[in-house]
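The values are calculated or read from the model by the stated rules, or taken from the named source; none is laboratory data. Note that the structure is predicted; figures quoted are calculated from it, not measured. Don't worry about glycine lacking a Cβ; one is built from the backbone with ideal geometry, like all the others, and counts go over all protein chains shown.
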Amino acid sequence: MENYSVLSDLQLTCTDLKTLIKSSENLQTNLQKHEENFNNLQESLSVASRRLAPLQSLSIASKALETRINRAVSPALVLIDGFKISESLQRKLVSISTKLLGQKSENRRLRLLIKYVDCVDKLNIAINLISQEGGPAIQRLQEVVEFLSRTKATDQFRTHRLRETLVTLKALYETEVDSMKFDGLLDEALLNLQDEFEGILLQLRHHNIGVQVDDGDGEMMGVVELGTDLDVEVLRRISETLAANDC
């Protein structure tokens, strides 16, 4: 009976061992499958990485190209804005000139002259900026257009638009800058200011004919030039503007 019990225990133990071995084999099989899955996943990631590398390089190259184009386009846009500001100031000058011609009140006319001088000063600054910045801006735009045409780095439509902008801007710069500085409305406005300056001085002298002042000792001094604060302010502003423009 005792031998039967031992045999039974051995059989159970053997069964448990077989079950454990089977489980171990299943676990090993599962581990192998997981390992294969990990290997497959790793290979997939490696392939994806190799495929993404050119895309990343392309993205970096695209960003570099955008940066290069923007660096060339930004000064050109500033130059175009300069032309717009100049045109706006010239229209304003014409408007003020028209008002000056029809203004009968001397006080209002003097105030209009101050606005006129302000406008002339701003126009002079705008034209000088166009003159100084125009050449480098056009050069940078031309360089990027030549680069795009040579390398085919972007679509033809974009290159064509940039080339058209370059041609238009270059022609505008070459034909308009000297004209605005020497033959345009700025030159005419400076001549008008010279006439206004001389006219105000003559008017003051005419008003002061025969005006004499006692020097305090009972003797009369010579003719004294008199003028309002506004007269003096206008004369000062005009003289500064004329001097700044070598007039």
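For the reader, a short list of remarks on this structure follows.
- Qualifying residue in the range 182-197 (condition: part of a helix (DSSP H, G or I) and within 26 Å of the chain's Cα centre (by Cα)): yes
- Put simply, of R150, R163 the only residue that is out of contact with any helix residue (DSSP H, G or I) (no Cβ under 7 Å at 6 or more places or on another chain) and either of a type in the set (S, T, Y) or in a helix (DSSP H, G or I) (or both) is R150.
- Annotation: of all residues in the range 128-180 being among the small types (G, A, S) and in contact (Cβ under 8 Å) with a residue 24 or more places away in the chain, the one that is farthest from R71 (Cα to Cα) is S131.
- Of all residues in the range 140-147, none are of a type in the set (K, R), modelled with pLDDT of 90 or more and under 30 Å from R237 (Cβ atoms).
- On the stretch given as the range 96-120, residues that are of a type in the set (S, T, N, Q) and surrounded by fewer than 14 Cβ atoms within 10 Å (Cβ to Cβ) total 3.
- Residue in the range 167-177 that is closer than 30 Å to L235 by Cα and either part of a helix (DSSP H, G or I) or touching a His at 6+ places or on another chain (Cβ under 9 Å) (or both) present: yes
Residue-wise test of (1) at pLDDT below 55; (2) among the hydroxyl-bearing types (S, T, Y); (3) closer than 25 Å to I96 by Cβ.
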| position | (1), (2), (3) |
| --- | --- |
| L185 | no, no, yes |
| F197 | no, no, yes |
| R205 | no, no, no |
| G216 | yes, no, no |
| L230 | no, no, yes |
| R237 | no, no, yes |
| E240 | no, no, yes |
| A243 | no, no, yes |
